Each structure stands twice: as C-alpha cells, then as structure tokens.
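Below is one structure, written out as structure tokens; comments come after it.
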Amino acid sequence: MATYRDVQNLSEDEKNGLKFIYESGGTHQSLFWKTLGLTSAKGGKIISKLVELGFVTKEAVTFEGSKTYAISPAPIEIDYSLLMAEGHLSPFISHQDIDENSSEFTQWILSLPSLEDHSP
C-alpha cells in the first residue's frame with residue numbers, strides 16, 4: 001500500500017496525475033492523458049508508475065467503443081506516528097483552539113525528537 005511519503009518522490013506530472021485521479025474519483029486512461037495534455041505514451045507511463053507504487057488500480061474496460069483502462073484511486077496509508085511525540089498527540093490535533101504560547105504546546109514541541117536523532 002502506498003504512503004503519503006511516496007508522493008514526495010513523484011515528478012510534477014505524476015503528482016498532477018495523481019491529484020486528478022483522486023479529485024475525480026477515478027477516470028479512464030484515454031481521458032487521463034487528454035485532460036492533462038499529455039501524449040498517450042507519457043500518460044501510460046505515469047499510470048504504470050502510479051499502479052506500481054500502489055496509488056491507483058487499473059482494469060481493462062471498453063469506454064465509448066474503445067478499449068482502455070478504468071483508473072481508480074487506491075487507499076493511501078497514513079503514518080499517524082508523525083502526529084506523536086513521546087506518546088503525546090499533537091495539540092493541534094486534539095484541541096480546536098490551541099494557543100501556540102501555551103505550556104501544553106511548548107511541552108509537546110520539547111518532546112519532539114531532534115533531527116540528529118534520525119540521522120543515518
């Protein structure tokens with residue numbers, strides 16, 4: 001299953017294609033490349049990469065009398081650990097009106113791991 005982190009490694013055309021597929025709820029490959037102003041070859045390569053990464057699924061169909069593929073968005077796994085620090089949920093998630101000067105927010109920020117903790 002694809003994760004949001006995989007999106008960071010996509011080209012701009014791939015990101016635009018993925019956004020289009022998710023916003024439209026799915027499309028046909030023949031409409032995909034036309035709508036995005038791509039060649040059919042480039043559109044096909046983008047779809048293939050998105051399928052390979054697990055962002056979308058494709059199924060052979062007939063659309064408007066032509067054989068094409070139905071492209072559907074796949075669920076993306078969310079890494080909720082990014083909202084946590086030492087077992088505490090980000091105050092921006094748990095409270096609607098958080099004061100960034102509050103002691104609760106300051107404590108959460110201080111419990112975040114430093115970048116040095118994650119260096120290779």
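The values are calculated or read from the model by the stated rules, or taken from the named source; none is laboratory data. Owing to the predicted nature of the structure, the values given are computational and were not obtained by experimental measurement. Every residue, glycine as well, gets a Cβ built from its backbone with ideal geometry; the counts of neighbours run over all protein chains shown. Each accessible area value is taken on the protein alone, full model and side chains, heavy atoms only, with ligands, DNA and RNA left out. Shrake-Rupley method; radii C 1.70, N 1.55, O 1.52, S 1.80 Å.
Got at least one residue in the range 77-88 being loosely packed, with under 14 Cβ neighbours inside 10 Å, at pLDDT 95 or above and assigned to a strand (DSSP E or B)? No, the range 77-88 contains no residue that is loosely packed, with under 14 Cβ neighbours inside 10 Å, at pLDDT 95 or above and assigned to a strand (DSSP E or B). In the set (1) at pLDDT 70 or above; (2) open to solvent by less than 60 Å² (accessible area, probe 1.4 Å), LEU110 fails one condition alone, (2).
Within the range 1-22, the set of residues being touching a Pro at 6+ places or on another chain (Cβ under 8 Å) and open to solvent by 70 Å² or more (accessible area, probe 1.4 Å) comprises MET1, TYR22.
Out of GLY25, GLY54, which single residue is within 13 Å of ILE76 (Cα to Cα) and either among the aromatic types (Phe, Trp, Tyr) or surrounded by fewer than 17 Cβ atoms within 10 Å (Cβ to Cβ) (or both)?
Going through GLY25, GLY54 in turn, the sole match is GLY54.
Being among the aliphatic types (A, V, I, L, M), more than 14 Å from the chain's Cα centre (by Cα) and modelled with pLDDT under 90 is the filter here; which residues of the range 40-76 pass it?
In the first step, residues of the range 40-76 are kept if they are among the aliphatic types (A, V, I, L, M); the result is 41, 46-47, 50-51, 53, 56, 60-61, 70-71, 74, 76.
With the extra rule that they be more than 14 Å from the chain's Cα centre (by Cα), the set shrinks to 41, 46-47, 60-61, 70-71.
Within the range 40-76, no residue meets the criteria.
I'd like the residue in the range 28-51 that is closer than 22 Å to PRO75 by Cβ and polar (S, T, N, Q) and, out of all such residues, is surrounded by the most Cβ atoms within 10 Å (Cβ to Cβ).
Quick first cut of the range 28-51, residues closer than 22 Å to PRO75 by Cβ only: 28-29, 32, 46-51.
Add one more test, that the residue is polar (S, T, N, Q), and what stays is 29, 48.
Working: GLN29: 21, SER48: 12.
Within the range 28-51, the match that is surrounded by the most Cβ atoms within 10 Å (Cβ to Cβ) is GLN29.
A single member of ILE46, ILE21 is within 27 Å of LEU83 (Cβ to Cβ) and assigned to a helix (DSSP H, G or I), and it is ILE21.
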